[in-house]
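Here's the structure we're looking at; comments come further down.
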Amino acid sequence: MNEGIMEKVLRLGASEPARTSSGSLQWKLAEIDNLSLCVIDNGPAAEFSVPGHKEEELVIVLEGVVYYDNGRVARAGEAVFHLPNTPYNGKFAGRETVRLLSIKAVPKAGATPPHPDLMKRVIRLDECPPFRRPSTGSIQKIIVATETLSVAHIENRPVLEFPEPGHPEREIIYVLQGKIEYNDGRTPRAGEAVCNLPNKPHPCSYTGIEPIRILEILSPCSKWFAEWGCL
């Protein structure tokens, strides 16, 4: 793994986007081993057809509406999950650009496949049960948890120190609101991301004056979820 990845705050505009076959613009914001995070902008009323890919994928709608051919309709703040090697089709709705977060993780050999029903529903944050993280008091909601990938929405108050000694999972943090100040000098703000390597300490503080909201993206799935009784 690239040790230097923990020195960077990852922002849109640092590299040119790629254009997909459907005309979407795709920025690869963060990547660490088998785990990646992309921001995708799509034109309104554009259609798409994906033949399948090797990764598990969670798509979170940031702006706009996405209609899938199997009946799923995902709006801003909602998410859908795509199984590996499974095609899907759909279209984008509205008059404005539809912006998505695409979180992908390549399953390791022998990993238990996700249940097929996961690809049939829309995941809504207000339907995800909240629990309080014992070490920090953060309110955490699990958006998805498979053997390969876990994504959690975390909310907390500012001016909170978080002494993170490290964990065995590869991690991408994406900031939705507020900012985080890491002791190593990184300060990601809304719309920015950082990568944290396995077993590397990354203490930080939640700072600013507004509540902090982040996505914690881990591969493999967070071992804490089972220990906290959340799975």
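What follows draws every value from the coordinates through simple rules; no lab data is involved. Note that this is a predicted model, so its numbers are computed, not measured. So basically every Cβ, Gly included, is an ideal-geometry build from the backbone, and we count neighbours across all protein chains shown.
The residues in the stretch 27-54 that are of a type in the set (A, V, I, L, M) and surrounded by fewer than 18 Cβ atoms within 10 Å (Cβ to Cβ) can be counted, and the count is 3. Of the residues making up the stretch 93-123, those that are part of a strand (DSSP E or B) and of a type in the set (A, V, I, L, M, F, W, C) are Ala93, Val98, Leu100, Leu101, Ile103, Ala105, Ile123. Scoring Arg124 on the criteria (1) in contact with a strand residue (DSSP E or B) (Cβ under 6 Å, 6 or more places away or on another chain); (2) surrounded by fewer than 15 Cβ atoms within 10 Å (Cβ to Cβ); (3) over 26 Å from Pro44 (Cβ atoms) leaves a single failure, condition (3). Does the stretch 7-17 contain any residue that is under 24 Å from Tyr182 (Cα atoms), basic (Lys, Arg), part of a strand (DSSP E or B) and within 16 Å of the chain's Cα centre (by Cα)? No, every residue in the stretch 7-17 fails to be under 24 Å from Tyr182 (Cα atoms), basic (Lys, Arg), part of a strand (DSSP E or B) and within 16 Å of the chain's Cα centre (by Cα).
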